[in-house]
Every structure is written in structure tokens, then in C-alpha cells.
Amino acid sequence: MASGFMGYFKYKERSFYLQQTGDAIESEWEALEAGVGRYKDTNGPEAEEKMLALFSDKIHRLKSEQKKRQQSLDQPESGTSKE
């Protein structure tokens, strides 16, 4: 029963982290489209390329963090005894 509960909570936690990452990506996209935040001071002929590079870096970082969280959830709990 305990492993069933742990599986359920890991599923819920995984869903929460996926939603959180999706929301962060959506927020970055909206900032890029609006030209606000880190995408504000990009003027000149290379502005679009610079903005896309910043966006790409941020999305890559968010996805890497999500993968790390996913891997930590997939690892067995430490401290559990096997009898």
C-alpha cells in the first residue's frame, strides 16, 4: 500500500513540475512577443537574433531543470530498508 501511495504522490508531483515548467516557458514566450524584461533592450539590425538567442538559452535552462527534477523523482527513496 505504501508504494501505491508513493507512486500516486510522485505522479502528482511530476504533473505539478511539468505544469510549472510549461507556465514558465509560456511566460518567456509572452515576454519575447511583447519585448519586455530581458527582451526589452534589443535594438538594431541584430535585435531579433539576439532576442531569439536569449529566449533559446532560457528555454534550454528550464528544460534542463525539469529533466533534473524528473530524474530525482524517478530514483528510489533513500533511507527505505529492504527486508
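The values are calculated or read from the model by the stated rules, or taken from the named source; none is laboratory data. Note that the coordinates shown come from a computational prediction; the quantities given were computed from them, not determined experimentally. Here the Cβ is made from the backbone with ideal geometry for all residues, glycine too, and neighbour counts use every protein chain on show. Areas reflect the complete protein model, heavy atoms only, side chains present, ligands, DNA and RNA absent. Shrake-Rupley method; radii C 1.70, N 1.55, O 1.52, S 1.80 Å.
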*Note down all Cβ pairs under 8 Å where the first residue falls in the range 60-73 and is open to solvent by less than 90 Å² (accessible area, probe 1.4 Å), the second is in a helix (DSSP H, G or I) and aromatic (Phe, Trp, Tyr), and they're at least six residues apart or on different chains.*
Gln66/Tyr17; Arg69/Tyr17; Gln70/Tyr17; Leu73/Tyr17
*asked:* Looking at Ser78, Ser3 in this structure, which one is modelled with pLDDT under 85 and open to solvent by 100 Å² or more (accessible area, probe 1.4 Å)?
replied: Ser78
*List every residue pair whose Cβ atoms sit under 7 Å apart, with the two residues 6 or more apart in sequence or on different chains, where the first one lies in the range 45-57 and is closer than 15 Å to Glu30 by Cβ and the second, anywhere, is open to solvent by 60 Å² or more (accessible area, probe 1.4 Å) and part of a helix (DSSP H, G or I).*
Leu54/Arg38
*Which residue pairs have Cβ atoms closer than 8 Å, lie 6 or more positions apart in sequence or on different chains, and pair a first residue in the range 13-24 that is modelled with pLDDT of 95 or more with a second residue that is among the small types (Gly, Ala, Ser) and open to solvent by 70 Å² or more (accessible area, probe 1.4 Å)?*
none
*asked:* Going residue by residue through the range 61-73, is there one that turns out to be more than 25 Å from Ile25 (Cα to Cα), of a type in the set (S, T, N, Q) and at pLDDT below 95?
replied: no
